[in-house]
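As structure tokens, the structure follows; a few thoughts come after it.
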Amino acid sequence: MSETDSEDNLAALETLLQVTFHDRSLLKRAITHHSCCPETSKRDSYDTLEFLGDAIISAHVVEHIFRTYPGASEGEMTALKSEVVSRRVFARIGQQLGLFPFIRVDIANLRTFNERSRDSLCADVLEAVVGAIHIDQGSDVARDFVTRTILPMVEQVKNQKHDT
């Protein structure tokens, strides 16, 4: 992929995310699997941004549950949070957002690649994108992104748990 194509791809992803990055290298890093940069993965892959994003998402989901369901027990809140902040739900959100085509991965270097791999990559990249937004744009923009993309799942998951 040429540098122009890469920039166009990042611009299209920014449009999809509804966030314009000051430092696009953070966005590029957020979508780069360590298979693409094995020697420099700590610096150039999404792993550490994923770690940050996971914590940020969890904090916002917990606060939302706490404020939205004040009569719920701690156990009920924990169960709901655990389901919402799961790889399965994050994969669904990432797929619905359309993240997969933007992920930079060297499939030839993965031991296996299948539907589960695709879902796992989408979940990881969703978390990494939140981390990148937080670093690049600040906590308010990251909160807005989480509110727009992830918090609607709280009600859906709660309704699914209630139905079953």
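The values are calculated or read from the model by the stated rules, or taken from the named source; none is laboratory data. Quick caveat: nothing in here was measured; it's all calculated off a predicted structure. Don't worry about glycine lacking a Cβ; one is built from the backbone with ideal geometry, like all the others, and counts go over all protein chains shown. For accessibility, only protein heavy atoms count, side chains too; no ligands or nucleic acids. Shrake-Rupley method; radii C 1.70, N 1.55, O 1.52, S 1.80 Å.
Just need the relative contact order of the chain here, percent rounded to a whole number, with Cα pairs under 8 Å and 6+ apart.
On the way: 193 pairs, mean separation 53.4, N = 164.
This gives 33 percent for the chain.
Sorting H64, H34 on solvent-accessible area from highest to lowest, probe radius 1.4 Å, gives H34, H64. Translational diffusion coefficient of the chain (Stokes-Einstein, Kirkwood radius from Cα pairs, 25 °C, 0.890 mPa s): 150 µm²/s. For the chain, modelled as a GNM whose springs connect Cα atoms under 10 angstrom apart, the maximal fluctuation among L26, L80, L121 occurs at L80.
How large, in percent, is the carbon and sulfur part of the accessible surface of the chain at a probe radius of 1.4 Å? It would help to have the intermediate numbers written out before the result.
Values: 4620 of 9010 Å².
Reported share for carbon and sulfur atoms: 51 percent.
With a length cut of 30 Å (Cα positions projected on each helix's long axis) and a Kyte-Doolittle mean of at least 0.0, go through the chain and give me the DSSP H helices that pass. Walk me through the numbers on the way to the answer.
Values: long enough: 47-68 (31 Å, 0.51); 115-137 (32 Å, 0.08).
Answer set is 47-68, 115-137.
With distances taken between every two different alpha-carbon atoms, segment 28-108 has a Kirkwood hydrodynamic radius of 14.5 Å.
Note on the chain: helix-only mean residue ellipticity at 222 nm, from DSSP H runs of 4+ residues weighted -39500 (n - 2.57) and normalised by residue number, equals -22500 deg cm²/dmol.
The residue list G71, A30, Q137 was ranked by how far each Cα lies along the charge dipole of the chain toward its positive end, using unit charges on Cβ atoms, and G71 comes out on top. With the simple model of a label 7 Å out from the Cα in the direction of the Cβ, S35 to T78 spans 3.6 nm.
In the elastic network of the chain, a GNM with C-alpha springs shorter than 10 Å, the most mobile of A55, A11, A79 is A79.
Let me spell out the model: positive unit charges on the Cβ of Lys and Arg, negative unit charges on the Cβ of Asp and Glu, origin at the Cα centre of the chain. What dipole size does that give, in debye rounded to 20?
Working: 18 positive and 25 negative charges, 83 e Å.
Dipole magnitude for the chain comes out near 400 debye.
State in Å² the accessible area per residue of the chain; use a 1.4 Å probe, count heavy atoms of protein chains only, and round to the nearest integer. Please report the intermediate quantities before stating the final value.
Values: 9010 Å² over 164 residues.
Dividing the accessible area of the chain by its residue count gives 55 Å².
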